[in-house]
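S.K.: The structure follows.
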Amino acid sequence: MGPTDPSDPIDSTARIPRRELDAGRPPAPGTRRGRRAEGKTDPELAARARAAAGLSPVEPERPARPEPTPDEDDVATAWVRPVAADVPRRSPEAARDRSAPPAGGRRPARSFGRAAGLTVLGALVPGTGLLAAGWRRTGAVVLAVFVVLLGGLAWLATAGRRTAVRAAVDPDLLLGVMVGVGVLAVLWITVVVLGYRLLVPRRLPGLQRAAGVLLVVLLMVGVAVPAVAAVRLAGAQRNLVDTVFADSESATVVEPADPVNPFGDKERVNILLLGGDGGDGREGVRTDTVIVASIETATGATTLFSLPRNLEDLPFPQGTELAELFPDGFDAGEESESLLNAVYRNGPALYPDALGAPSDNPGADWLKLGVGEALGLPIDYYVLVNLDGFSQLVDALGGITVNVNYYVPVGGEPSIGTLPDAYIAPGPDQEMDGATALAFSRGRFGLTDYQRMDRQRCVLDSIVAAADPVTLLTRYQQLAATTTDIVSTDIPQSVLGDFVDIAFLVKDAGIRSVVFDDTVISPAYPDYDQIRLLVQQALGTAPPVTAAPTSAAPAPATTTSAAPTSGAAPTTGAVADVADACAYDPAAAQAAIDAGEPPTRG
């Protein structure tokens, strides 16, 4: 601009900023500024703020402020904004749980009947009670966890049974199950109590309040009792595994080269099954039952080889101290003390250090070496069942069912001519308690050892049949306690999981039996080469024979036949299906009944 004209009047007007100018103007009615001046709030901003706070978007009508009278003190009559009736305050629980419904949202009217019903539903299906109470996020999480756990249990009971059984033989996993079940039970009970507290009306008559407390207590008991039972069941199983499979010292167990795959490339696993019987008047234990279970690891096909108790001259592997001590087979001096059933007791008693390694059960190791050499099979492990406690096992199962085809003596001693006390009569599907089953397994007065061997295999088969899932669950603690008293083994815990896999294969593959009775071998003068050949034939591993043997001892006709395939039974008459051998024979039973019951002591 150019210089000002001196003749022009001087402009002394002050320039005021627009902001200050607008602030000096009176607020226009209805505008945001006007509402603020009038003490009002902007509806749009108020609605946003109330929505963010979880309140109703519409502010209730504010009551008119009463004008104080001249006699009233302004302080005493100061207006206080009342809480609207339709805007309940948010509880601390709702403030913590953002999934809780808005305070202005409508909920179903509370009643005791509705609260009781939803509490029961929430106990059966955890999470539903919280959802009904408005705790949507917490309830959804609890319900999802419950559905996942339920689905997992259903899978374990069906497709995952093998996984469940493998877990049942792992002490560490069993301990985890015990802790997990306890924690889940506490959380479940907490959900039940919380759901009831959220659903029940705040004011109840005394009778309804007492009924509600009783209902919650009953539901808590309903959750706690199964949990305690599950913990005790897992504890009993853990104790059973730790006691029976205690990883004891053995002179014959070889540590697997690969702990992850303990059986490696082994085609077969051979287990020696022993039935030890102290008997009346006996010193120590005699193993009257000697059976080898040879299991094919790939298919589970199992063959049982039963040796007679009176087998003599038991051989031992070449190169061992036992073979040097008994080059012609086991001999303890007297014939009765040199039989197969006496090796368990007499061998370690004669030569305590002959094994050359420490052993918690030297008698079992002696038999593993001797029986393995006799059959031509390396024995991997043994399982010994003490028949003195056998009756307890049968009673714990609630009894067994067997077929009886002839009169079986109860008691009696054939060596001195003492007659039996009674007889078990022939008949199909006979229910037996522990004492009767033990007598059925032991009785041999007037009968042969081979008949007793047959009955013992039938009893074992009946025990397996009686051990159904319901019986195991309802009687498991008694069974576990009984098993720890009567069963011993050298099977290590590290291979139990692999034995579970084989057991599932065995169940589908079935079991065959080879009995070396006096129609097959001569127990007093056994031909062990012939026995080994029969074992190879039964397993399908015998080489084909092109010419008849020229030995002096006549061999069964089956020795000249080609080895059978793995899927077919060998042609020897010694092989039989266990189920067929234990079937009821009506003709034989009727013939025994027609002949009459043999005499007894009474």
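S.K.: Please name all residue pairs, on different chains or six or more residues apart, with Cβ atoms under 9 Å, provided the first residue is in the range 361-386 and is free of Cβ contacts under 8 Å to residues at least 12 places away in the same chain and under 17 Å from residue 530 (Cα atoms) and the second residue is among the aliphatic types (A, V, I, L, M) and buried (at least 22 other Cβ atoms within 10 Å of the Cβ).
M.R.: Final answer for the pair search is none.
S.K.: While we're looking at this one, here's another question. Just to be sure, is residue 488 touching a strand residue (DSSP E or B) at 6+ places or on another chain (Cβ under 6 Å) and crowded, with 21+ Cβ neighbours inside 10 Å?
M.R.: Yes; evaluated as a whole, the condition is true for this residue.
S.K.: Right, here's the next one. Of the numbered conditions (1) touching a residue at least 24 places away in the same chain (Cβ under 8 Å); (2) open to solvent by less than 40 Å² (accessible area, probe 1.4 Å); (3) more than 30 Å from residue 364 (Cα to Cα); (4) not basic (Lys, Arg), residue 253 fails exactly one; give the number of that condition.
M.R.: (3)
S.K.: With the checklist (1) under 30 Å from residue 599 (Cα atoms); (2) aromatic (Phe, Trp, Tyr); (3) open to solvent by 20 Å² or more (accessible area, probe 1.4 Å) in hand, flag the one item residue 390 doesn't pass.
M.R.: (3)
S.K.: Which residues, counting only those in the range 440-455, are open to solvent by 20 Å² or more (accessible area, probe 1.4 Å) and touching a strand residue (DSSP E or B) at 6+ places or on another chain (Cβ under 9 Å)?
M.R.: Passing the criteria: 442, 444, 445, 446, 447, 449, 450, 451, 454.
S.K.: Additional query: Go through the residues of the range 336-345 one by one and say whether even a single one is surrounded by fewer than 18 Cβ atoms within 10 Å (Cβ to Cβ) and touching a helix residue (DSSP H, G or I) at 6+ places or on another chain (Cβ under 9 Å).
M.R.: Checked the range 336-345: at least one residue is surrounded by fewer than 18 Cβ atoms within 10 Å (Cβ to Cβ) and touching a helix residue (DSSP H, G or I) at 6+ places or on another chain (Cβ under 9 Å).
S.K.: OK, next. Would you point out the residue of the range 504-530, among those that are out of contact with any strand residue (DSSP E or B) (no Cβ under 9 Å at 6 or more places or on another chain) and part of a helix (DSSP H, G or I), that is most open to solvent (accessible area, probe 1.4 Å)?
M.R.: Only one residue tops the list, namely 507.
S.K.: Another question about this same structure. For the range 121-164, name all the residues that are hydroxyl-bearing (Ser, Thr, Tyr), in a helix (DSSP H, G or I) and farther than 30 Å from residue 111 by Cα.
M.R.: 163 - this is the single residue of the range 121-164 that is hydroxyl-bearing (Ser, Thr, Tyr), in a helix (DSSP H, G or I) and farther than 30 Å from residue 111 by Cα.
S.K.: I would also like to ask the following. List the number of the failed condition for residue 367; all other conditions in (1) part of a helix (DSSP H, G or I); (2) surrounded by 22 or more Cβ atoms within 10 Å (Cβ to Cβ); (3) out of contact with any helix residue (DSSP H, G or I) (no Cβ under 7 Å at 6 or more places or on another chain); (4) at pLDDT 90 or above hold.
M.R.: (3)
S.K.: Taking the range 282-333 on its own, how many of its residues are of a type outside the set (Asp, Glu), touching a strand residue (DSSP E or B) at 6+ places or on another chain (Cβ under 7 Å) and outside any loop (DSSP other than H, G, I, E, B)?
M.R.: Matching residues across the range 282-333 total 15.
S.K.: A further question on this structure: Do you know which residues across the range 188-222 are under 38 Å from the mean Cα position of the chain (by Cα), over 21 Å from residue 147 (Cβ atoms) and without any contact (Cβ under 8 Å) to a residue 24 or more places away in the chain?
M.R.: Listed by number, the residues that qualify are 197, 213, 214, 217, 218, 221.
S.K.: OK, next. Regarding the range 227-247, can at least one residue be identified that is open to solvent by 40 Å² or more (accessible area, probe 1.4 Å) and farther than 29 Å from residue 475 by Cα?
M.R.: No, the range 227-247 has no match at all.
S.K.: Just to be sure I understand the filter: pairs with C-beta atoms under 7 Å, separated by 6 or more residues or on different chains, first member in the range 143-167 and at negative phi, second member surrounded by 14 or more Cβ atoms within 10 Å (Cβ to Cβ) and charged (D, E, K, R). Which pairs pass?
M.R.: Hits for this filter: 162/501.
S.K.: Also, I was wondering about something else. Any residue at all in the range 165-176 that is open to solvent by less than 50 Å² (accessible area, probe 1.4 Å), farther than 16 Å from residue 231 by Cβ, assigned to a helix (DSSP H, G or I) and touching a helix residue (DSSP H, G or I) at 6+ places or on another chain (Cβ under 7 Å)?
M.R.: So far as the range 165-176 goes, no, none of its residues is open to solvent by less than 50 Å² (accessible area, probe 1.4 Å), farther than 16 Å from residue 231 by Cβ, assigned to a helix (DSSP H, G or I) and touching a helix residue (DSSP H, G or I) at 6+ places or on another chain (Cβ under 7 Å).
S.K.: Can you give me the number of residues within the range 191-244 that are charged (D, E, K, R) and in contact with a helix residue (DSSP H, G or I) (Cβ under 6 Å, 6 or more places away or on another chain)?
M.R.: Going through the range 191-244 one residue at a time, the tally reaches 2.
S.K.: Is it true that residue 273 is open to solvent by 40 Å² or more (accessible area, probe 1.4 Å), assigned to a strand (DSSP E or B) and in contact (Cβ under 8 Å) with a residue 12 or more places away in the chain?
M.R.: yes
S.K.: Being touching a residue at least 40 places away in the same chain (Cβ under 8 Å), within 20 Å of residue 454 (Cβ to Cβ) and either among the hydrophobic types (A, V, I, L, M, F, W, C) or open to solvent by 60 Å² or more (accessible area, probe 1.4 Å) (or both) is the filter here, so list the residues in the range 407-424 that pass it.
M.R.: 408
S.K.: Right, next: What residue, of 103, 85, is over 17 Å from residue 194 (Cβ atoms), at pLDDT below 60, among the small types (Gly, Ala, Ser) and open to solvent by 90 Å² or more (accessible area, probe 1.4 Å)?
M.R.: Step by step, each of 103, 85 is checked, and only 85 is over 17 Å from residue 194 (Cβ atoms), at pLDDT below 60, among the small types (Gly, Ala, Ser) and open to solvent by 90 Å² or more (accessible area, probe 1.4 Å).
The values are calculated or read from the model by the stated rules, or taken from the named source; none is laboratory data. Note that this is a predicted model, so its numbers are computed, not measured. For neighbour counting, all protein chains shown are included, and Cβ atoms are generated from backbone atoms with ideal geometry for every residue, glycine included. For the accessible areas, the whole protein counts, side chains as well, though only heavy atoms, and no ligand, DNA or RNA atoms are used. Shrake-Rupley method; radii C 1.70, N 1.55, O 1.52, S 1.80 Å.
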